[in-house]
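A short write-up of the structure that comes next.
FYI, it's all coordinate maths here, none of it is from the lab. Since the model is a prediction, treat every value here as computed from it, not as a measurement. Cβ sites come from the backbone with ideal geometry, for glycine too, and all protein chains shown count toward neighbours.
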Amino acid sequence: MQMRKDRAAQNGTKGLACAVKDMGGQAVMEGVMMRSGQATAVTVRRPDGTMVTKRKAFIAPKDKHPWMGKPFIRGVVNMATMLYFGMNTLQDSTQMLGILDEEPTKFEKWLAKKLGKGVDKIVMAVAVVLAVLLSIGLFMALPAGVESLLKSAGMKPLGYTLIGGLVKILLLVGYMVAVAFVPDVRRTFQYHGAEHKSVHCFESAEELTPQNAQAFSRLHPRCGTAFLLIVFSISILLFLVLNTLVPIDHYFLRVLFHLAMLPVVAGVSYEVLMGLAHSDSKLAHILRWPGLQMQRLTTREPDESMLECAIVSVNVVLYGLPKHAEKTKEGWAILRDYRESERDYVPPAAEAEASAS
């Protein structure tokens with residue numbers, strides 16, 4: 001936390017396009033999104049080797065409605081925002097790569113006409129629904145079924161709650177291990193590592209270069225992977241108490257109960273995550289360790305080109321789109337070198353002209 005403040009003081013406010021707050025982001029297809037203050041930036045690497053970057057304003061719900069920033073409430077709001085904003089960011093990255101430029105099928109055109117929405121929005125909405133259903137099935141319905149079977153077999157709340165929680169964690173680990181075998185997902189995990197390394201480099205007040213960023217860890221205490229592990233751990237403790245006080249025999253009621261308690265678990269987990277991330281105590285380091293180790297499953301060591309994308313996103317969030325850069329018809333900037341996104345970058349032509357004069 002102090003390093004981040006030192007970095008902000010070092011930069012000063014001159015030339016910054018947004019207030020410097022916790023820098024964070026997510027990996028996207030062939031790129032990285034970064035967010036800080038009231039701005040986000042997405043940078044992707046196209047097949048021709050160029051980087052395309054866009055920047056847009058982002059107003060957090062708590063800035064519009066202060067009550068959404070209150071402790072415990074902000075965790076629920078943040079989870080919903082991450083889901084909605086994360087899917088939109090993935091859509092942005094695919095558009096920037098040109099993946100959605102293909103001609104839609106007759107069915108897609110018919111569906112878009114009937115629903116009055118673009119094909120890309122329909123595809124993304126379907127993906128969100130399927131992802132939510134898969135998450136509920138894997139991490140709520142299945143563990144709840146295990147708990148019900150063990151309870152009907154006569155096991156005490158302590159036993160079936162701990163085993164149900166262990167099943168959740170094993171399913172999460174197994175899912176992460178399995179998807180890492182998909183080549184595109186593995187590359188996304190590398191970009192995830194690039195995001196973390198660049199954030200570490202920024203927060204440590206080092207010059208943002210691929211070489212400097214590469215020296216940092218790909219594990220970061222504010223990562224969403226750590227948040228998931230905390231959510232599962234808090235849910236085990238919470239349901240251990242609730243299953244003892246309010247035992248539920250019916251399977252479907254048990255699933256609904258797990259769903260109903262999700263906002264409470266998310267709110268508490270967010271406070272725990274942020275408290276651990278911003279503490280340098282020995283206890284915080286011990287409690288952070290499991291979440292950091294989980295990130296070994298969702299991050300991989302990035303190459304230099306991936307780090308360049310992450311660094312461009314950091315710079316664009318801080319300083320805005322490079323004014324000298326070539327633009328696409330959508331207004332996205334096209335860069336051929338990460339240094340073009342730096343605040344003090346001078347194009348070679350302008351530099352030569354200045355030298356001549």
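Would you list CYS309, CYS201 from fewest to most Cβ contacts within 10 Å?
The most exposed by this proxy come first: CYS201, CYS309.
Need the full-extension length gain, LYS282 to LEU170, defined as separation in residues times 0.36 nm minus the C-alpha distance. One decimal, nm.
So the extension gain works out to 37.6 nm.
How much length would be gained if the chain were fully extended between VAL264 and LEU245, taking 0.36 nm per residue of separation minus their Cα-Cα distance, in nm to one decimal?
Between VAL264 and LEU245, full extension yields 5.1 nm more.
Under a point spin-label approximation (7 Å from Cα along Cα-to-Cβ), what is the ILE59-VAL346 distance to one decimal in nm?
Label-label distance for ILE59 and VAL346, simple model: 3.9 nm.
Residue by residue through segment 226-239, which ³J(HN,Hα) values in whole Hz follow from phi under the Karplus form 6.51 cos²θ - 1.76 cosθ + 1.60 (θ = phi - 60°), with glycine and proline marked x?
The phi angles translate into 5, 4, 4, 5, 5, 4, 5, 5, 5, 5, 4, 5, 5, 6 Hz.
Going by how many other beta carbons lie within 10 Å of each one, how would you line up HIS258, HIS324, HIS196, fewest first?
By the 10 Å Cβ count, ascending: HIS324, HIS258, HIS196.
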